[in-house]
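Novice: Take a look at the following structure, please.
The values are calculated or read from the model by the stated rules, or taken from the named source; none is laboratory data. Fair warning: this is a prediction, and the values are worked out from it, not measured in the lab. In case anyone asks, the SASA skips ligands and DNA or RNA and just uses the protein heavy atoms, side chains included. Shrake-Rupley method; radii C 1.70, N 1.55, O 1.52, S 1.80 Å.
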Amino acid sequence: MVPQGALPLPLRHLVPPGTVAQVLAPLLVAPLFVAEVVSGLRPALSPSETLNLLALRHADPHWFDTALPLGLALA
């Protein structure tokens, strides 16, 4: 489940694979968002973005930890 209050994270360069359901978009896009930050494609995270990402990772750490290396490879 997506944490209550989780905000959508707009990607600048990476594209999520396939069609992403709007309800799950924050959870599915979070690792790609972090990959953009780590690879220098976007500025450092704000405190609110950091809290949002921590909540999204906590919601499904298996997905996040599996998708992050793939996002980094794409970035």
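Novice: Taking a probe of 1.4 Å, how large is the accessible area per residue of the chain, in Å²?
Specialist: The answer is 64 Å² per residue.
Novice: If you average 1/r over all unlike Cα pairs in the chain and invert the result, what Kirkwood radius do you get in angstrom?
Specialist: Taking the inverse mean of 1/r over all distinct Cα pairs, the chain comes out at 12.2 Å.
Novice: Considering only protein heavy atoms and a 1.4 Å probe, what is the carbon-and-sulfur percentage of the accessible area of the chain?
Specialist: 68
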